[in-house]
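**Q** If you scroll down you'll find the structure; I have some questions about it.
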Amino acid sequence: MSETTHISPSNSSDTTAIVMSGIRPTGYLHLGNYFGAIRNYIKMQDEFTCYFMVADLHSLTTHPDTKSLKANVQRVLAENIACGLDPDKACLYCQSHVYETGELYLYLNMLAYLGELEKTVTFKEKARQHPDNVNAGLLTYPVLQTADIIMHRASLVPVGKDQEQHLEMARNFVKRFNHRYGEVFPEPQAFNYQQHLVKVPGLDGSGKMSKSENDMATLYFADDDELIRKKVMKAKTDSGPTAPNSIKPDYIENIFLLMKLVSASDVYEHYDKAFNEANIRYGDLKKQLAEDMIRFIAPIREKSTTILTDEKYLKGIMEKGAEMAGESAAKTMKLVREAIGLNYY
Ligand code: AMP
């Protein structure tokens, strides 16, 4: 990863910078969403002007049953708020409520080339997984994402490592727009408070934790205590290191990584030392991790269940968010139309 692909606070002290990010309402929120994105949102809402969006239009690329969209959108909102997002500090809104997005997406599509879109890793993955649904929306996903980000002229985008390539594409589209029509947009950068963008691994020892891959390898905020225990206890291990100071295999490294995220540092160090002394019992490690996970997840689950019972509250948040995001979008689009030359009267 090059040094310039994301920024952390040391090289971003500009508190006037605008922050934007989104989460698709395609499933329950999980630990990867939290540590890759939401944890940063919560800190950023105190320092910057923030726009956080439920990316409901993005979710249409995979043809979900749209009857469940409303419930999914409400749930993502509730889960984000339960994690600590504050609608009084940040603008929380739904992508489909900002009608200008479709217009900006159209202009940007004229600046995006087939070759680069086809090379996008996420596009290639989705096309391989669903060869019967390789639609143009899927291909131009990074273009729509760019429209979402620059709609608020945002420059900081808190996302996980999986979004790195999309952000690079967003910068390319912005550079092309500015070059062709004049400087309208800042170049967006991926942001993380840590030194590196985060990738939370799955419990099966392969790839990242995600909504769609393997449910037993993903820890959701909706999981009950028993299910969390079951998932953690099923995580892949082996019979343990045969010599002191061995290198941890990937699947063991992943378990330690998860422990680092939710357990106390002395607990982590205890098990790390035991591993290095080739004297570790993985059963104990996983039991400890399961209990620490439960301590982390259960309060968020309970809070989001309570929020979900209050439809009026959620509707109020969406309306307030739509108004604020809509005002910002209208201002940007005025600049965009003028820059392009679409101002005839
Ligand atoms: P998605 O669930 O794909 O809409 O992603 C929402 C946000 O969560 C994005 O910023 C992703 O980068 C982040 N994210 C999703 N999965 C992970 C993961 N396993 N590790 C780190 N960040 C993640």
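Readers should treat all values here as calculations from the given coordinates under stated rules, not as data from a laboratory. These figures come from a predicted structure and were not determined experimentally. FYI the Cβ positions are ideal-geometry reconstructions off the backbone, even for glycines, and counts take in every protein chain you see.
**Q** Round to the nearest 10 and give me the degree value, 0 to 90, for the angle of helix 69-83's Cα axis relative to the longest principal axis of the chain.
**A** 60 degrees
**Q** In whole Å and largest first, what semi-axes does the C-alpha gyration tensor of the range 1-155 yield when each eigenvalue is scaled by 5 and square-rooted?
**A** 25, 20, 16
**Q** For the range 107-224, what percent of Cα pairs sit more than 20 Å apart?
**A** So the pairs more than 20 Å apart make up 52 percent of the total in the range 107-224.
**Q** Taking the Cβ-Cβ separation of TYR99 and THR16 as r and a Förster radius of 22 Å, what is the calculated FRET efficiency to the nearest 0.05?
**A** 0.25
**Q** Rounded to the nearest 20 Debye, what is the dipole magnitude of the chain about its Cα centre when Lys and Arg each give +1 and Asp and Glu each give -1 at the C-beta?
**A** That gives the chain a dipole magnitude of about 380 debye.
**Q** Compute the angle between helix 225-234 and the longest alpha-carbon principal axis of the chain, please, reported from 0 to 90 degrees and rounded to the nearest 10.
**A** Tilt relative to the chain: about 70 degrees.
**Q** Working only with C-alpha atoms, what are the Rg and Dmax values of the chain, expressed in angstrom?
**A** Just the Cα atoms of the chain yield Rg and Dmax of 21.3, 78 Å.
**Q** Along the three principal axes, how long is the range 215-305 when you take its alpha carbons, biggest first, rounded to the nearest angstrom?
**A** 47, 26, 17
**Q** Give the angle, between 0 and 90 degrees and rounded to the nearest 10, that separates the Cα long axis of helix 141-150 from the longest principal axis of the Cα atoms of the chain.
**A** 70 degrees
**Q** Sticking with this one: Placing +1 at every Lys and Arg Cβ and -1 at every Asp and Glu Cβ, with all other atoms neutral, what dipole size does the range 215-305 have around its Cα centre, in debye to the nearest 20?
**A** Using Cβ point charges on Lys, Arg, Asp and Glu, the range 215-305 gives about 120 debye.
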